[in-house]
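The values are calculated or read from the model by the stated rules, or taken from the named source; none is laboratory data. None of the values given here were measured: they were computed from a predicted structure. Cβ placement follows ideal geometry from the backbone for every residue including glycine, while neighbour counts extend to all protein chains displayed. Note: accessible area is taken over every heavy atom of the protein model, side chains too, but ligands, DNA and RNA are not part of it. Shrake-Rupley method; radii C 1.70, N 1.55, O 1.52, S 1.80 Å.
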Amino acid sequence: NRSLLLENDNIRVAMSTLLGRGDIDRFLDIAFDLTWFWAQSSLQVEGRDLMVGALRSHGDEASPAMAARAWLAASLLATFLTDPAAVGYADLGLECALRAEDDALVGWLTLTRGMAYSNLVGHQDAAGWMEEGRQAVAESRDPPMWDPEWDQPIIEFMLAFGQAGPPEQRREHVEDAI
């Protein structure tokens, strides 16, 4: 993270150049890969705004799978910020994942949708969506969404962050994530 912080101005220029050239899939791919950097570096607003801005201005040019990944990341970052727009981002991402016919992405976005709805609007189906998404990701034979060592801890973190269950249950998910 430290070296990425030192290079953040160059990253911004590179991202702007990609968007200016209309290379939306590459822009979104790199933005997706930067999600956890932004989350851990207190740059959630910048990451969310970059992805949402690009999707709103060039999203129709993006592949459905790439757009779904970007909406997933935007929803995660917005949820961490307690931004109610996270629920809409998750819904848009789920629509893209369904169009892409990508079961793993559908699972990740169902889980993300549940986390956003649970945290931000308290929807009665949120816990069910989170479990449905977790199961879909577990059953998927697709490559991991992030680094193979990260996928399961990220799921556990999302479950801890999104569930309204007793503190012991949340603590268990946090411990499993670590």
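For the range 1-137, the solvent-accessible area works out to 45 Å² per residue, with a probe of 1.4 Å and every protein chain left in place. In terms of the mean number of neighbouring beta-carbon atoms within 10 Å, the peptides 107-116, 14-23, 132-141 order highest first as 107-116, 132-141, 14-23.
Report the calculated FRET efficiency for Leu81 and Glu139 (r = Cβ-Cβ distance, R0 = 41 Å), to the nearest 0.05.
After rounding to 0.05, the efficiency reads 0.85.
Shown here is the pair-distance distribution of the range 65-125: with all Cα-Cα distances grouped in 10 Å bins from zero up to the longest one, the shares run 30, 54, 16 percent.
For the range 57-123, GluC sites (Glu not before Pro) are listed when DSSP marks them as loop and at most 12 other Cβ atoms sit within 10 Å of their Cβ; the list is Glu101. In terms of its C-alpha gyration tensor, the range 1-134 comes out oblate, because a/c is 1.5 or above while a/b does not outweigh b/c. Per-residue extension of 0.36 nm, minus the Cα-Cα distance of Ile30 and Glu46, leaves a gain of 4.4 nm for this segment. Axis angle, to the nearest 10 degrees, between helix 8-20 and the longest C-alpha principal axis of the chain: 70 degrees.
Summarise the accessible area of the chain (1.4 Å probe, protein heavy atoms) by the percent that is carbon and sulfur. So the carbon and sulfur contribution to the accessible surface is 50 percent. In the chain, the longest principal axis of the Cα atoms and the axis of helix 103-120 are about 70 degrees apart.
The Cβ shell under 12 Å around Ile154 holds other residues with a net charge of -4, Lys and Arg each +1, Asp and Glu each -1.
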